[in-house]
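**Q** Quick one: the structure is below, and I'll ask about it shortly.
The values are calculated or read from the model by the stated rules, or taken from the named source; none is laboratory data. Keep in mind that this is a model prediction, so the values were computed, not measured. Backbone-built Cβ (ideal geometry, glycine too); neighbour counts: all protein chains shown. Surface accessibility is based on the protein's heavy atoms, side chains included, excluding ligands, DNA and RNA. Shrake-Rupley method; radii C 1.70, N 1.55, O 1.52, S 1.80 Å.
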Amino acid sequence: MGGLWDEHGRQTSPQEGPAGRVEVVKPSRPDRRAERSPTPSEGMSEADGEGVWEQVFEKENLLRALKRVEANGGAPGVDGMTVEALRPYLKAHGLEVRAALDSGSYRPSPVRRVEIGKPDGGVRLLGIPTVVDRLIQQAIGQVLTPLFEPVFSPHSYGFRPGRRAQDAVEAAQGYIREGYTWVVDIDLEKFFDRVNHDKLMARVARVVKDKRVLKLIRRYLQSGVMVNGVVMETEEGTPQGGPLSPLLANIMLDDLDKELEKRGHRFVRYADDCNIYVRTERAGERVMNSVRGFLEKRLKLKVNEKKSAVARAGQRKFLGFSYFYRKGEVLIRVAGQALQRLREKLRGLTRRTRSGRLEDILQQINEYLRGWMGYFRLADTPSVFAGLDQWLRRRLRQLLWKRWKRGKTRWRELVSLGVPRHLAGLGATGSSLWRMAATPVVHMALSTAFWDAQGLCSFTEYYHQLHLPRRTAGCGPACPVV
């Protein structure tokens, strides 16, 4: 069902009815006749070369986009087509898609609405395009990104090549060290849902002169959202979840960056999170009011008053990190909410009633631990990671103690792990699993060396490998440096 195209070149949007039938659902919209495709020279400056459109749909660019979409994976869109089915579909229908694009009759499919719970409550609305539309968006983004990168602010770090969240965190640390210890923490309310299409397209058109590309981007903005099988028109917003959305967000907010630069502010922006660093609370309140007015009047965006604030830099979290002082030095730590989410994830992976082989459980833990530690390696808190190691090993000891169940089994397992028989007899009793997991006898059997031998990765050792690369440290065969 993923390979059907209607007479307008638009991918059909299926809906499963009560009997499991697939029904095509189209948004009600005025009849739009195919417009004449501009010639390559229309609407393009000399700097555009052969034209953005030709660059987007050049064979090598499309192949690179296809590999990227396949590598990213992800869920199907409204048509149900999987990433694995994309190549076969393109072999069979690629020429039809390209003809519709060149004639100007192509209509992107609505995105599939998915709600993702936020750690602090509420939901984040994601829009999942079809895999064909993801391919086209990826191809557009690959060509447009080099055009916009030279005009973007150096204070912008989100979704840009060669820039990471850690770079933004370190930049903010530098401002605090300079004495700008108050932060104007600005969070935009439902940014991806409120972007004004006309204002966004006007900013895209400052750099992109090819009218065919501009028209296609606008159609993606207006493609609609499918909710419970019904297509809803989108008059504003850029669906969060498509390959093109991060670039469009940066294009829209580049005006904010330029305004802050003009005013001489020290700031860091990562997507729709913007932190401005000032010396005093009074200055922070003044900047907050001024920037709020700019966002609402010039960009038609709304500041989330509940999540925005003027405060000491150490009292606010930024991209999962926060800052603290030690002996007069400004250091970085993992924010409390991020640590809480980590513990919740590990609790789920190590719940004492969980089934499955211990090797598989440890592999899942290691995969998550390496990814988490790779992101939070900036933190200057080795003692926190040592505490996490102790807590995680105790969770695993509790899991095994629960599995051993009976006293005889526990005694036998303790003895097999090297515990003297008389101590094993004393330690094989007790009803509280969590308390028993911390007793000397169980700790003797299921020691740190035992878990190292099982291949459990250590927060502490992996942290030292990433944070202090000159230090020689190992954390078992399952924990390579990545």
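**Q** Mind checking which lysines have their C-alpha under 17 Å from LYS297, skipping anything on the same chain fewer than 8 residues away?
**A** Excluding near neighbours in sequence, the set is LYS190, LYS199, LYS258.
**Q** Under 8 Å for C-alpha pairs, at least 6 residues apart: give me the relative contact order for the stretch 284-413, rounded to a whole percent. The partial results should precede the final answer.
**A** On the way: 80 pairs, mean separation 24.8, N = 130.
Relative contact order of the stretch 284-413: 19 percent.
**Q** For ARG263 and HIS197, compute 0.36 nm times the residue count separating them, minus their Cα-Cα distance, and round to one decimal in nm.
**A** Details: separation 66, 0.36 × 66 = 23.76 nm, distance 2.68 nm.
Extra length available between ARG263 and HIS197 comes to 21.1 nm.
**Q** Can you compute 3J(HN,Hα) from phi for each residue in the stretch 187-192, using the Karplus curve 6.51 cos²θ - 1.76 cosθ + 1.60 with θ = phi - 60°, rounded to whole Hz and x for Gly and Pro?
**A** Per-residue couplings from phi come out as 10, 8, 6, 6, 4, 5 Hz.
**Q** If you roll a 1.4 Å probe over the heavy atoms of the protein chains, what accessible area per residue do you get for the stretch 297-351, in Å²?
**A** With all protein chains present, the stretch 297-351 gives 58 Å² per residue.
**Q** Probe radius 1.4 Å, ligands and nucleic acids ignored: give me the carbon and sulfur share of the accessible area of the stretch 133-203 as a rounded percent. Please list the in-between numbers first.
**A** Working: 1240 of 2480 Å².
Roughly 50 percent, rounded to a whole number.
**Q** Could you provide, to the nearest whole Å², the per residue accessible area of the stretch 72-224 with probe 1.4 Å? Intermediate values should be presented prior to the final figure.
**A** Numbers: 6030 Å² over 153 residues.
Here the per-residue accessible area is 39 Å².
**Q** Sorted by accessible area (1.4 Å probe), largest first, how do THR429, THR130, THR82 line up? Can you show the working numbers first?
**A** Working: THR429 85, THR130 0, THR82 55 Å².
Ranked list, largest accessible area first: THR429, THR82, THR130.
**Q** Let me ask you something else. Could you give me D for the stretch 261-411, from Stokes-Einstein at 25 °C and 0.890 mPa s, where the hydrodynamic radius is the Kirkwood radius over C-alpha pairs? Units µm² s⁻¹, please.
**A** Values: Rh = 19.1 Å.
D = 128 µm²/s.
**Q** Which of GLY356, GLN315, GLY328 sits farthest toward the positive end of the charge dipole of the stretch 314-357, with +1 on the Cβ of Lys and Arg and -1 on the Cβ of Asp and Glu?
**A** GLY356
**Q** So, taking all protein chains as they sit and a 1.4 Å probe, how much accessible area belongs to ILE128, in Å² rounded to tens?
**A** 30 Å²
**Q** How much accessible surface area, in Å² rounded to 10, belongs to the heavy atoms of MET444 with a 1.4 Å probe?
**A** The accessible area of MET444 comes to roughly 90 Å².
**Q** Multiplying the sequence separation of LEU358 and ASP102 by 0.36 nm and subtracting their Cα-Cα distance, what value in nm do you get?
**A** Values: separation 256, 0.36 × 256 = 92.16 nm, distance 5.54 nm.
Going from the current span to full extension adds 86.6 nm.
**Q** Right, something else. Using a 7 Å offset from Cα along Cα-Cβ at ALA309, what residues in the stretch 159-198 end up with backbone N under 11 Å from the label point?
**A** 185
**Q** While we're here: Using a 1.4 Å probe on the protein heavy atoms only, what accessible surface does HIS443 show? Give it in Å² to the nearest 10.
**A** Number for this one is 80 Å².
**Q** Based on the mean of other beta carbon atoms within 10 Å per residue, what is the order of 102-114, 203-215, 333-345, most packed first? Could you put the intermediate results ahead of the total?
**A** Numbers: 102-114: 20.2, 203-215: 18.2, 333-345: 15.7.
In decreasing order of mean packing, 102-114, 203-215, 333-345 become 102-114, 203-215, 333-345.
**Q** A further question follows. Once the piece of chain linking LYS59 and ALA75 is laid out straight, how much longer is it, given 0.36 nm per residue of separation minus the C-alpha distance between them? Provide the component values of the computation, followed by the final result.
**A** Numbers: separation 16, 0.36 × 16 = 5.76 nm, distance 2.55 nm.
Length gained, LYS59 through ALA75: 3.2 nm.
**Q** Another question, then. Would you mind getting the accessible area per residue of the stretch 407-453, heavy atoms of the protein chains only, 1.4 Å probe, in Å²?
**A** Details: 2610 Å² over 47 residues.
Value for the stretch 407-453: 56 Å² per residue.
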